[in-house]
Amino acid sequence: MNYKSKQWEHKRSRILRRDGYRCQLSKRIGKRIEGNTVHHIFPASLFPEWAWEDWNLITVSAAMHNKLHDRG
């Protein structure tokens, strides 16, 4: 998956707008945190057939994205 492609930038922008630029995982616990990253629920590397599906993409904050990927 090329995250620098025009196709991805368009999709990313669409998902961010759809989610109101809010972290969808923080929203589930009642917090209003700005979201700036689009995350694949089912990883694109394991499920390439779902990589471009809107239902497989959610907006998250950078901090939440790092937690999801177990990054320090």
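The values are calculated or read from the model by the stated rules, or taken from the named source; none is laboratory data. Model, not experiment: these values are computed from the prediction. Methodologically, a virtual Cβ is constructed for each residue, glycine included, from the backbone with ideal geometry; neighbour enumeration extends over all protein chains shown. When the accessible area is computed, the model is the full protein with side chains, heavy atoms only, and any ligands, DNA or RNA have been set aside. Shrake-Rupley method; radii C 1.70, N 1.55, O 1.52, S 1.80 Å.
Could you give the size of the charge dipole of region 7-67 about its Cα centre, using +1 on the Cβ of each K and R and -1 on the Cβ of each D and E, expressed in debye and rounded to the nearest 20? The partial results should precede the final answer.
Working: 11 positive and 6 negative charges, 78 e Å.
Dipole magnitude for region 7-67 comes out near 380 debye.
Hey, can you find the accessible area per residue of the chain for me, probe 1.4 Å, expressed in square angstrom?
Spelled out: the 1.4 Å probe surface of the chain, per residue, equals 72 Å².
Based solely on its DSSP helices, what 222 nm [θ] is calculated for the chain when runs of n ≥ 4 H residues each add -39,500 (n - 2.57) and the sum is averaged over all residues, nearest 500 deg cm²/dmol? Let's see the in-between values first.
Numbers: 3 runs with 24 residues, N = 72.
Only helices count here, giving -9000 deg cm²/dmol.
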Spherically averaged projected area of region 1-54 from its Cα convex hull (nm²): 3.8
